[in-house]
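Student: Let me give you the structure first, and then I'll get to my questions.
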Amino acid sequence: MNSKTRNRIFVIAATAMMLITIGCSWNEEKKDLEYSDTPQGNFMALWKIMDERYCFFDLKKERLGVDWSEVRDRYAASISDGMSDRALFEVLCGMIGELRDGHVNLVSSYDYGRNWAWKTDYPANYSKDIRDRYLGDDYIIAGNGYYYRVLDDNIGYLVVESFGSATSSGRLNVMFNNMALCNGLIIDIRDNGGGDLRAAEFLASHFTEKTVTVGYYCYKNGPGHNDFSRLYRNELSPARYDLRWIKPVVLLTNRGCFSSANDFAFTMKSFENVTLMGDTTGGGGGMPMSSELPNGWVVRFSSAPSFDADMNHVEFGIAPDIRLDMDDDDIKAGKDTYIERARKFINDKLVNP
């Protein structure tokens, strides 16, 4: 791990600690405003936590028309003293679901409240059964959720199903050695719901020869909707002691790419040898934090917004360089439109570099 990568991880960890500290200080300031463990108390506690700590209110108002005060007034009409826990849970989930943020969840002992409209409202553009035909039965496992093989036209094909954990330098070096003679590489992260940001950054560091500014971030530092820290630059340096891939790369994305997979997409888009192909990713551009309601339910929310290298919000996803949908005729024939188009793109580059 090089010094810039270590520094970046330190900054991320320090930011998380600052967020925790800020959360504690806000709690100390509001001891006299604690809410009771009643339907009304839990409702107002949730609304207030989000009002002071959620980081995308202006963006959600601009893009979705969400007025958080109007949302409070509308859902408050459904709160009554005699309502059951399950009824309360449904109302609270409906309220925070207005934000259409996959990082906003309410967790009880019996359910996990969520709004997955960022994915389910769009075409899947993905079939695992068809994708698995390309991997075959003799694919190589390069880590938990990392599978690859060389296709019959001498193009490498890597599937990354999750960034739940980072693969090792040794396994990546073996993979790049095995594909050293390939004309290009297809990386398929469709339906990758994210995981550990460090795992995504570690893989991305193998596709650049120089340090690149891939984006920026800041964090909430006060209760106002626009109380944010200064911007911090995100720089990614090449993996110093590992093999690096400088041949053409096509990254396949769909709406199921979320959170750290979304980060991986905008990081890879910063590299000259990488082309994004497919559908806009699902987004998830805020670092999640958690807080607790009086009844013990836990709410998770986005607290630190991320931006790409051009200072665009990434909460609503990363647009591909080449927009693509799965073709019905291809699906009937057992072909993956995305993979076939990526293969053609790389092969055409050999003829017209």
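None of the figures in this text is laboratory data; all of them are computed from the coordinates on show. Remember, it's a predicted structure, so these values are computed and weren't measured experimentally. Note: ideal-geometry Cβ built from the backbone for every residue, glycine included; neighbour counts use all protein chains shown.
Student: Fewest to most neighbouring Cβ within 10 Å: what's the order for Thr208, Thr267, Thr213? Walk me through the numbers on the way to the answer.
Tutor: Details: Thr208 23, Thr267 27, Thr213 12.
In increasing order of surrounding Cβ atoms, one gets Thr213, Thr208, Thr267.
Student: 7 Å from Cα along Cα→Cβ at both Asp152 and Asp310: what's the point-to-point distance in nm?
Tutor: Label at Asp152, label at Asp310, 4.0 nm between them.
Student: Could you list, in their original order, any pairs among Lys60/Lys269; Lys60/Lys247; Lys60/Lys349 whose Cα atoms are separated by more than 29 Å? Provide the component values of the computation, followed by the final result.
Tutor: Values: Lys60/Lys269 25 Å; Lys60/Lys247 39 Å; Lys60/Lys349 40 Å.
Too far apart for the 29 Å limit: Lys60/Lys247; Lys60/Lys349.
Student: Using amide H atoms built 1.01 Å from N in the peptide plane, name the residues 5+ places from Leu276, or on other chains, whose amide H lies under 5 Å from its own.
Tutor: Leu251, Asp321, Ile322
Student: Looking at the chain, what % of its DSSP beta bridges pair antiparallel, to the nearest 5? Don't skip to the end; give the middle numbers.
Tutor: Numbers: 30 of 47 bridges.
In the chain, DSSP labels about 65 percent of beta bridges as antiparallel.
Student: Could I ask something else about it? So what are the ³J(HN,Hα) numbers for the stretch 207-221, from phi and the Karplus equation (6.51, -1.76, 1.60; θ = phi - 60°), rounded to whole Hz, Gly and Pro as x?
Tutor: Those phi angles translate into 10, 9, 9, 9, 5, 10, 7, 9, x, 9, 8, 9, 8, 5, 10 Hz.
Student: While we're here: Give, in nm to one decimal, the length gained when the segment between Arg233 and Asp129 is fully stretched (0.36 nm per residue of separation minus the Cα-Cα distance).
Tutor: Values: separation 104, 0.36 × 104 = 37.44 nm, distance 4.01 nm.
Contour length minus Cα-Cα distance gives 33.4 nm.
Student: Treating the beta-carbon of each Lys and Arg as +1 and of each Asp and Glu as -1, no other charges, what is the dipole magnitude of the chain about its Cα centre, to the nearest 20 debye? List each step's numbers first, then the result.
Tutor: Details: 40 positive and 50 negative charges, 222 e Å.
Taking the Cα centre of the chain as origin, the dipole is about 1060 debye.
Student: Under the 0.36 nm per residue contour assumption, what length would be gained going from the current alpha-carbon distance of Asn178 and Asp121 to full extension?
Tutor: Details: separation 57, 0.36 × 57 = 20.52 nm, distance 3.90 nm.
Full extension from Asn178 to Asp121 adds 16.6 nm.
Student: Out of Val107, Leu64, Phe163, whose Cα points farthest toward the positive end of the dipole of the stretch 27-175 (charges: +1 Lys, Arg; -1 Asp, Glu; placed on Cβ)?
Tutor: The one lying farthest along the dipole's positive direction is Phe163.
Student: I need to check one value: relative contact order of the stretch 158-280, counting alpha carbon pairs closer than 8 Å and at least 6 residues apart, in percent.
Tutor: Numbers: 234 pairs, mean separation 40.6, N = 123.
Averaging sequence separation for qualifying contacts and normalising by length gives 33 percent for the stretch 158-280.
Student: To the nearest 20 debye, what is the magnitude of the charge dipole of the stretch 146-199 about its Cα centre, counting +1 on the Cβ of each Lys and Arg and -1 on the Cβ of each Asp and Glu?
Tutor: On the way: 4 positive and 6 negative charges, 41 e Å.
Charge dipole of the stretch 146-199: 200 debye, to the nearest 20.
Student: With θ set to phi - 60°, apply the Karplus curve 6.51 cos²θ - 1.76 cosθ + 1.60 along the stretch 140-150 and write out the HN-Hα couplings as whole Hz, x wherever there is a Gly or Pro.
Tutor: Along the stretch 140-150, the couplings run 9, 9, 9, x, 5, x, 10, 10, 8, 7, 9 Hz.
Student: What is the dipole size for the stretch 93-187, taken about its Cα centre, with +1 at each Lys and Arg Cβ and -1 at each Asp and Glu Cβ, in debye to the nearest 20? Display every interim value, and only then the final one.
Tutor: Working: 8 positive and 11 negative charges, 33 e Å.
Result for the stretch 93-187 is approximately 160 debye, rounded to the nearest 20.
Student: Another question about this same structure. With unit charges on the beta carbons (Lys and Arg positive, Asp and Glu negative) and the dipole taken about the Cα centre of the chain, which residue among Ser78, Val91, Asn173 sits farthest to the positive side?
Tutor: Positive-most Cα among the choices belongs to Asn173.
Student: A further question follows. For Gly194, what residues show an amide H to amide H distance below 5 Å, using hydrogens built from the backbone and excluding near sequence neighbours?
Tutor: Phe163, Phe258, Ala261
Student: Could you list which residues have their amide H under 5 Å from that of Leu158, counting only those 5 or more apart in sequence or on another chain, with H placed in the peptide plane?
Tutor: Ile186, Ile187, Asp188
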